[in-house]
Amino acid sequence: MDVQVDERRLSHGRSILAPRSDGSRDARAHARLANVASLDERERKLRRAYEAFNAREIDAALGLMHPDVDWPNVLAGGRLRGHDELRRYWTLQFATIDPHVEPESFTHDGDGHVVVQVHQVVRASTGELLADERVKHVYAFRDGLVERMEIA
């Protein structure tokens, strides 16, 4: 993955990525940059997941989820576990309602979660409007994949 880094400088003028005079590098600066890259990658994955969900491309969305993904069951309550349960859930959901979820903003909390403000429009299979609202989705990641989603 390519990471774009602005040429931030330390107080003595050395780039934060440049080696020190002893040949070592600033580990904290590298950790911060890795964290920024990781957060950007998480946002990109979530954008792709929303696009796949809205296009009803279940397998593409599941490809961005951890095999043990933990997901809320909005239709019946409780939680779903793993790709198979989530695939069945989305298949049923898309057969009964027509949800469209558009991300509006992404923020990151101090615990590594990504919080997405979404505009959610849900219609019945007949086209009747059931919901038009803004909600927050909170995501946890493991191994670079979505591990858990909560609705806040």
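Values for this structure:
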read-out: Selected residue [open to solvent by 40 Å² or more (accessible area, probe 1.4 Å), acidic (Asp, Glu) and not in a strand (DSSP E or B)] from ASP84, ASP98; value: ASP84
read-out: Leading residue by the ranking (least open to solvent (accessible area, probe 1.4 Å)) among those in region 134-152 that are outside any strand (DSSP E or B) and touching a residue at least 60 places away in the same chain (Cβ under 8 Å); value: GLY144
read-out: Top-ranked residue of region 101-127 - restricted to ones that are among the hydroxyl-bearing types (Ser, Thr, Tyr) and assigned to a strand (DSSP E or B), ranked as farthest from GLU51 (Cα to Cα); value: THR107
read-out: Single residue of region 108-131 satisfying the filter (farther than 20 Å from ARG56 by Cβ and at pLDDT 95 or above) that is farthest from the chain's Cα centre (by Cα); value: GLN117
read-out: Tabulated pairs, region 39-50, first within 16 Å of LEU62 (Cβ to Cβ), second in a helix (DSSP H, G or I) and modelled with pLDDT of 95 or more, C-beta under 7 angstrom, 6+ apart or interchain; value: ALA49/ALA61
read-out: Output for region 51-62, where each listed residue is open to solvent by 50 Å² or more (accessible area, probe 1.4 Å) and either in a loop (DSSP other than H, G, I, E, B) or among the aromatic types (Phe, Trp, Tyr) (or both); value: ALA55, ARG56, GLU57
read-out: Residue tally, condition open to solvent by 80 Å² or more (accessible area, probe 1.4 Å) and more than 16 Å from VAL101 (Cβ to Cβ), over region 119-133; value: 3
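Residue by residue, here is whether (1) at pLDDT below 95; (2) small (Gly, Ala, Ser) holds:
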{"residue": "ARG28", "(1), (2)": "yes, no"}
{"residue": "ARG32", "(1), (2)": "yes, no"}
{"residue": "LEU62", "(1), (2)": "no, no"}
{"residue": "ASN73", "(1), (2)": "no, no"}
{"residue": "GLY78", "(1), (2)": "no, yes"}
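The values are calculated or read from the model by the stated rules, or taken from the named source; none is laboratory data. Everything numeric in this text was worked out from a predicted model, so none of it was measured. In this analysis, Cβ positions are derived from the backbone assuming ideal geometry, glycine residues included, and neighbour counts consider all displayed protein chains. The accessibility values were calculated without ligands, DNA or RNA, using every heavy atom of the protein model including side chains. Shrake-Rupley method; radii C 1.70, N 1.55, O 1.52, S 1.80 Å.
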